[in-house]
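The values are calculated or read from the model by the stated rules, or taken from the named source; none is laboratory data. Just so it is clear, the structure is predicted and the values come from calculations on it, not from any experiment. Cβ coordinates were reconstructed from backbone atoms using ideal geometry, including for glycine residues, and neighbour counts include every protein chain displayed. In case anyone asks, the SASA skips ligands and DNA or RNA and just uses the protein heavy atoms, side chains included. Shrake-Rupley method; radii C 1.70, N 1.55, O 1.52, S 1.80 Å.
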Amino acid sequence: MHPEYNEQLPGLNRIEGQIKGIKKMIENRRYCVDILTQLKAVKAALHKVEQNVLKTHMQHCLMHAVTSEDQADIQEKIDELMKLLSKRI
């Protein structure tokens with residue numbers, strides 16, 4: 001069973017609002033640095049959500065695999081995380 005991530009929805013809703021605000025800034029030809037500032041804020045907010053989901057995954061899914069002592073499941077979880085982390089930019 002997968003963990004719930006409902007507590008991430010308010011943050012994602014804020015990010016959605018920020019994106020809409022950035023689109024409006026672009027449409028209104030706002031100053032470049034103002035747009036870039038908002039883009040950095042969105043990236044930071046997304047990073048926070050990402051970190052929260054990763055933490056929950058490790059505390060729930062990875063921990064479940066470890067406590068089950070199923071070596072194949074443990075290795076699968078480790079491989080998933082390594083593949084995911086290798087894609088980070």
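Note on the chain: dipole from Cβ charges, positive end direction compared against THR56, LEU85, ALA45; the farthest Cα belongs to ALA45.
Nonpolar atom fraction for the chain, defined as the carbon and sulfur part of the 1.4 Å probe accessible area, stands at 60 percent. Close Lys pairs in segment 6-89, defined as Cα atoms under 16 Å apart and 8 or more places apart or on different chains, number 7. Label positions at ASP34 and LYS20, each projected 7 Å from the Cα along the C-beta direction, are separated by 1.9 nm. Dipole check for the chain: with +1 at the C-beta of Lys and Arg, -1 at the C-beta of Asp and Glu, and the Cα centre as origin, the magnitude is about 940 Debye. At a probe radius of 1.4 angstrom, the accessible area of the chain per residue rounds to 82 square angstrom.
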